[in-house]
Each structure stands twice: as C-alpha cells, then as structure tokens.
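Worksheet: one structure, shown below.
Taken together, the values in this text are just the output of simple stated rules run on the coordinates, not laboratory data. Not measured: the values here are computed from a predicted model. Here the Cβ positions follow ideal geometry from the backbone for every residue, glycine too, while neighbour counts run over all protein chains shown.
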Amino acid sequence: MRRQIPLVICFICGMFMLVQSFIPHPVLVSVYEGVLRWAMVIGVFAVAIGIGTLVRLHYRRIARRSPRWIYSIVVLAGFLVTAAAGIIGGPRGKWIDWISENVLVPLDATMFSLLAFFMASAAYRAFRARTMEATLLLAAAIIVMFGSVPIGDFLWQHIVPQSLAAKVPFLPEAVAEWIMSVPNTAARRGIMIGAALGAIGTSLKIILGIERTYLGGEKI
C-alpha cells in the first residue's frame, strides 16, 4: 500500500497536468495555478531538506577527518556567512551584494577561465581530422573562427586578390553566419527534439508506473 498510493497520486497528477494543457477550461486553469503554488511550497521544504543534508554530510566529514575534510569547513563557513548576510541584511542588502560582487563573481570568472583550457583540449581531440566527420567539423570550425575574429577580415582584405576582396568584402563573415544559422541551428533543433522525446518517454514511464526509482525501488 505504501507503493500503490504514491503511484496513484503520481498518475492522477501527471494525467491532470497533461490534460489541462489541451483543455484551457477556467476550472482546470484555477486548479493548475493552485498546483503550482503547492509546488512552490513543497520546493521550500525540499530546500530545507537539502540544507540539512549538506550540513550533515560535511559535519560527518569534519568529525571523521575524512580526506580533504578542510574543504568541508570552507563549505559550511561560506554557507553560514552567506545565509546570515541574506537573513540580516535582506536579499538585496549591501552585505549580500558585497559577497556576490567580491566572492561569487571572481570565483565564477576563475572557474570559467579554467574551463577554457578543458574546451581547448576537447577541441583538439575532436578536431583531429581522422574521419570524414572530424574533417568537416574542423573545416567548419576554421571557417567560423576565420569569419568571427577581426584578423579574419584583415587576412581576407590583404591576402586574397584585391578583385575578389572588393566584390565580396564580407565573405568570411557571411559564410560563418550561414554555418551558424543553417547547419548549426538544424543540428541544435535535432538535439532539442531528441531531448524532448526522451523527456516525454520518461514522463510517460513515471505516470504509468513503469519507472519507480523515485520510490527507492527498481524498475519493473
């Protein structure tokens, strides 16, 4: 019974959210808005559970002197200081703004600057022209970079014959824009459609009770 009731509730809620999208009746819209408000309330409790889990996990690491436990002290200290600044000074207070501008923003900049090296390494491995697909990817990347940076226009104006450069002065930029607007957009839409179909399939499995991992069990 402990499993059947959650499955029934999940089925009813899932079917209601599915049906109300196609039947915009005032009653259904009102119930839908109420469900969204309840979802916000439940989200508050979820945040509280997450905070409790975070504190308990890092407290245990500190108590047991687990490997790299010193970072758990940094996590808890940052959490407590930020929470205190937000509670005392308000969400738009000067303390929370100072933390955001002097701690969060530099950390974000550092993280994304490090990601540039990983992206360069991944690009090197992906652009090695070993197959036809990798060769096409390499050629498209070179064209896009050539048409996007100022040095590309400089090289186009000074290396290619003047007659050709005069007729089509913005050819590298135009080709790069075409690649980003047509093939890139088509591939991105294909990925989005695939992800949407996957989300629909997973949702139907959850509504119909096929996927039960959220109950702590295994699939049937």
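Computed about the Cα centre, the dipole magnitude for segment 1-124 is approximately 740 debye when only Lys and Arg (+1) and Asp and Glu (-1) carry charge, each at its Cβ.
If you average the sequence gap of Cα pairs under 8 Å that are 6 or more apart and divide by the length of the chain, what percent do you get for the contact order? Taking the mean separation of contacting Cα pairs over the length of the chain, I get 16 percent. Placing one equal scatterer on every Cα of segment 1-89 and applying the Debye formula, the log10 ratio I(q)/I(0) at q = 0.14, 0.17, 0.26 Å⁻¹ is -0.75, -0.83, -1.27.
Comparing THR185, VAL29, ILE210 along the charge dipole axis of the chain, the residue lying farthest to the positive side is ILE210, per the Cβ-charge model. Loop-located trypsin sites (Lys or Arg not before Pro) across segment 42-85 with a Cβ neighbour count of 16 or fewer within 10 Å are ARG65, ARG68, with loop assigned by DSSP. Potential lengthening of the chain between ALA83 and PHE16 amounts to 20.4 nm, from the contour at 0.36 nm per residue minus the alpha-carbon distance.
Could you work out the local net charge near ALA195, counting Lys and Arg as +1, Asp and Glu as -1, over the other residues with Cβ closer than 12 Å to its Cβ? Local charge sum for ALA195: +2.
Over the Cα atoms of the chain, the radius of gyration divided by the Kirkwood radius equals 1.10; this is the Rg/Rh ratio. Quick one: if the Förster radius is 41 Å, what FRET efficiency do ALA139 and ASN102 give, using the C-beta to C-beta distance and rounding to 0.05? E between ALA139 and ASN102, to the nearest 0.05, is 0.40. Spacing of the modelled spin labels on SER181 and TYR32, each 7 Å from Cα toward Cβ, amounts to 3.5 nm. Mean residue ellipticity, 222 nm, helices only, the chain: the sum of -39500 (n - 2.57) across DSSP H runs of n ≥ 4, divided by residue count and rounded to 500, is -26500 deg cm²/dmol. Classified by the C-alpha gyration tensor, segment 53-136 has an oblate form. Its axis ratio a/c, with a ≥ b ≥ c, is 1.5 or above, and a/b does not exceed b/c. Relative to the Cα centre, the charge distribution of the chain, modelled as +1 at Lys and Arg Cβ and -1 at Asp and Glu Cβ, gives a dipole magnitude of about 1160 debye.
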